[in-house]
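Accompanying notes for the structure given below.
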Amino acid sequence: MPKAYPYVGPKEIAARASGSVPGTVFSSADDLAAWVQAAETSRGRVTAMFVVDAAGRLRLADRRSEHVACAGGSPVLAAGEITLSIRAGRVVAEGVSNQSTGYCPEPESWPAVSAALAAAGVEPPEGYSTELSFRRCPRCDQINVIKDQLLECAVCGSALPMAWNLGPATEV
Ligand SMILES: [Zn+2]
């Protein structure tokens, strides 16, 4: 079952994002290609922010945006960063991560990304190219990205739980 992840980041960022336009949804592969072309850097690729919204649709926004703005403040099935390029007229996903400290989605959110990419006309890669594991410190509330499987809070040194604890995520 896919899970919907609520926003868990700082409230002031959510407040700042509340008036902004959500990330772009694409009705066709051509639409998406035009977006990538318009955003492309000189090296022919663009790294954008993405969410998969509760309806399973891919939404893209500028990388300097916020995931909560990209999602219109709503829960998401997945969130992270995606690098896109155009080869032979088709959009290619070169890399996808679940890097979103606003939503802290689990690595298990990948199937939602895969399905959303396929629906947007992009052949999905095998999985996240960069896969992050998030935990909230039970003592100081800091959101940690687990590095080298070290379950220790970077701020206060407390032990972090084995299981993802940024919830409550709901099954959809
Ligand atoms: Zn801590």
Among 172, 96, 113, the single one that is more than 16 Å from the ligand (Cβ to nearest atom) and modelled with pLDDT under 95 is 172
When residues of the stretch 32-70 are filtered for being small (Gly, Ala, Ser) and in a helix (DSSP H, G or I), how many remain? 5
Return the residue satisfying two criteria in turn: it lies in the stretch 134-169 and is under 19 Å from residue 3 (Cβ atoms) and open to solvent by 80 Å² or more (accessible area, probe 1.4 Å), and of such residues it is farthest from the ligand (Cβ to nearest atom). 168
Among (1) in contact (Cβ under 8 Å) with a residue 24 or more places away in the chain; (2) over 23 Å from residue 170 (Cα atoms), where does residue 126 come up short? (1)
Filtering strands (runs of 3 or more DSSP E) wholly in the stretch 71-172 for at least 1 residues that are under 22 Å from residue 37 (Cβ atoms) and aliphatic (A, V, I, L, M) gives 76-87, 90-97
Checked against (1) near the ligand (Cβ under 10 Å from one of its atoms); (2) crowded, with 19+ Cβ neighbours inside 10 Å; (3) among the hydroxyl-bearing types (Ser, Thr, Tyr), residue 128 satisfies every condition except (1)
Scan 79, 93, 88 and give me the residue that is small (Gly, Ala, Ser) and without any contact (Cβ under 8 Å) to a residue 24 or more places away in the chain. 88
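The values are calculated or read from the model by the stated rules, or taken from the named source; none is laboratory data. Treat the numbers as computed from the prediction; the structure is a model and nothing was measured. As a convention, Cβ positions derive from the backbone with ideal geometry for all residues, glycine included, and neighbour counts pool all protein chains shown. These area figures cover heavy atoms from the full protein model, side chains too; ligands, DNA and RNA do not enter into them. Shrake-Rupley method; radii C 1.70, N 1.55, O 1.52, S 1.80 Å.
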